[in-house]
1. Please give the residues of the stretch 241-276, grouped as numeric ranges, whose backbone N is less than 18 Å from a label point set 7 Å along the Cα-to-Cβ vector of Ser201.
2. Which chymotrypsin sites (Phe, Trp or Tyr not before Pro) in the stretch 38-85 sit in a loop by DSSP (not H, G, I, E or B) and have at most 16 other Cβ atoms within 10 Å of their own Cβ?
3. Can you list the chymotrypsin sites (Phe, Trp or Tyr not before Pro) in the stretch 189-292 that are in a DSSP coil and have 15 or fewer other beta carbons within 10 angstrom?
Amino acid sequence: MRTLQSKHIHWLVHVAAWGVLLGQPLFFTGSGSRETITSFEEYVHFLVMPLSFMVVFYANYLWLIPRTLFSKRIGRFVLGNVLLIGAVMLAVHVLSRHVLPPPPDAHLRPDPSWQDMVRFFARNAVLYLLVACVAVSIRMTGEWARAASARQELERVHAEAELQNLKSQLNPHFLFNTLNNIYSLIGLDAARAQQSVHELSRMLRYVLYDSSRPLVPLREEMDFLRNYVELMRLRVPRQVDVQVSLPDAPPAVQVAPLLFISLVENAFKHGVSSDGPSYVHIRIEEDGARLTCRIENSLFPKAEGQDRSGSGIGLKNLERRLELIYPGRHTFQHGAVGNAYMSYLEVDLR
């Protein structure tokens, strides 16, 4: 629909431009003006030149340029214009001298000399050449604009496909990690494992259905994280200090789904020790259009054989999603600081 409207506007501009040119004599009404036309015969003679300009313009715009210039056949384009301009000039001369009725003041005009004729045809040839150049510039500019628009659309479609692929990777990655947690819990406390399955079913509904939208209410994303943290509390030792502060955002605030789960997973994955003091502190704040996430956890990196959390795509996945969804509108930092691991994410939601 937008393309069709653009074409309509494009041709309306053409009609308006030619309308101004063809109606030019109507704008000069002063009796002393050279351009003033006082009879229909004079106006008919005036129309010959603008109409010949239209022939040269559209012959280039609709035929010569697409068939020769676009295929880089410059010689044929030049030859085609030489023949076109020559034929149009000859037709104009025949029409003006032998077909159309002479203007009222024709008998007052002296017969032109051959030098005058040469200058007349040379001047007209330059005018037609300028018309052809205008046709080239307009058509080429339009093609460049369309090519740029097509590239942008292709990049947008590619980005959407890549984003969908990243989300499809995230869903099984999250499920794999959560099932590993429940598997570890079954041997320790069957009742708590059963409660974990119930929590997991609620979370899966969000992951599989609600997160398919490009944006979700921030409140739903926070509820999802609360459920995940509660699921983690069932597994981690009681001495682990888990502190969580999540905003109760208004429904109008929206965010990309599953934006924080990789950071929270990473905190529980590397921040919990079964035989020593450890902690996971999660704080997410919403302030109008700015959303900040700060996570700090003790650092107990898993050895190669002990890590059953998947392929480790979480943080790389998050970085790429941020580049696609919030380009130039986010700050993401993470890394070890002494015996702690810090993650900081700030997103401009505008």
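No value in this document is a laboratory result; all are computed from the given coordinates. None of the values given here were measured: they were computed from a predicted structure. A quick note on method: Cβ atoms are made from the backbone with ideal geometry, for glycine too, and the neighbour counts reach across all protein chains shown.
1. Flagged as within label range: none.
2. Details: sites: Phe40, Tyr43, Phe46, Phe53, Phe57, Tyr58, Tyr61, Trp63, Phe70, Phe77; in loops: Phe70.
Here the chymotrypsin sites (Phe, Trp or Tyr not before Pro) that fit, given the DSSP loop and packing criteria, are Phe70.
3. Details: sites: Tyr206, Tyr209, Phe224, Tyr228, Phe260, Phe268, Tyr279; in loops: Tyr209, Phe260.
Here the chymotrypsin sites (Phe, Trp or Tyr not before Pro) that fit, given the DSSP loop and packing criteria, are Tyr209.
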